[in-house]
Amino acid sequence: MGTDDCLFCRIVAGEIPATVVRETDKTLAFRDIAPKAPVHVLVIPKEHFVDVVTMAEADPEVTAEVMATAAIVAEHEGVAADGFRLIFNTGPDSGQEVAHAHAHVLGGAPLGPMLA
Ligand code: AMP
């Protein structure tokens, strides 16, 4: 169920444009609007969960589908062989800005240390 004030629910609903790279019944993958690496794709469940923990507790199947979609995106984006980073920011200390569970798929160049 979408929420009117959630940015990513509005992308799922088609109310805000996004560059979609993959879509399944339950997930959507689209390019981050402010990429932090040559490849930076967000993979989200279409259903609204505030973060990955909430999603994993409520729906392990869609959680697995988000992970599987992230792996397929990495392959299609050409970063699977050289490696990539999969990040789920979760809660205030992580800097999570959008309260809709999302995986960042980052790659395409050496990413440096995990934390700046
Ligand atoms: P986080 O800080 O983990 O919540 O990540 C939120 C991400 O959403 C950031 O990397 C933003 O650049 C990205 N973002 C914000 N608005 C949009 C948008 N309209 N389309 C695509 N990505 C977005």
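Worth pointing out:
- When each of the peptides 85-91, 12-18 is scored by how many other beta carbons lie within 10 Å of its residues on average, the order from highest to lowest is 85-91, 12-18.
- C-alpha center-to-center spacing [the range 40-116, the range 1-38] in angstrom: 13
- Whole-Hz Karplus values for the range 48-61 come out as 7, 10, 5, 7, 5, 5, 4, 4, 5, 5, 7, 8, x, 5 Hz, taken residue by residue from phi with 6.51 cos²θ - 1.76 cosθ + 1.60 and θ = phi - 60°; glycine and proline positions read x.
- Surface accessible to a 1.4 Å probe, per residue, for the residues of the chain, Å²: 59
- Projected area, mean over directions - the chain, Cα convex hull, nm²: 7.1
- Split the accessible area of the chain by element, probe 1.4 Å, and carbon with sulfur accounts for 56%.
- For residue 96, distant residues with modelled amide H under 5 Å away: 90, 91
- The label-point distance for residue 26 and residue 68, in a model that sets each label 7 Å from Cα toward Cβ, rounds to 0.9 nm.
The values are calculated or read from the model by the stated rules, or taken from the named source; none is laboratory data. None of these values were measured; they are calculated from a predicted model. All Cβ positions, even for glycine, are placed from backbone atoms using ideal geometry, and neighbour counts span all protein chains on display. When the accessible area is computed, the model is the full protein with side chains, heavy atoms only, and any ligands, DNA or RNA have been set aside. Shrake-Rupley method; radii C 1.70, N 1.55, O 1.52, S 1.80 Å.
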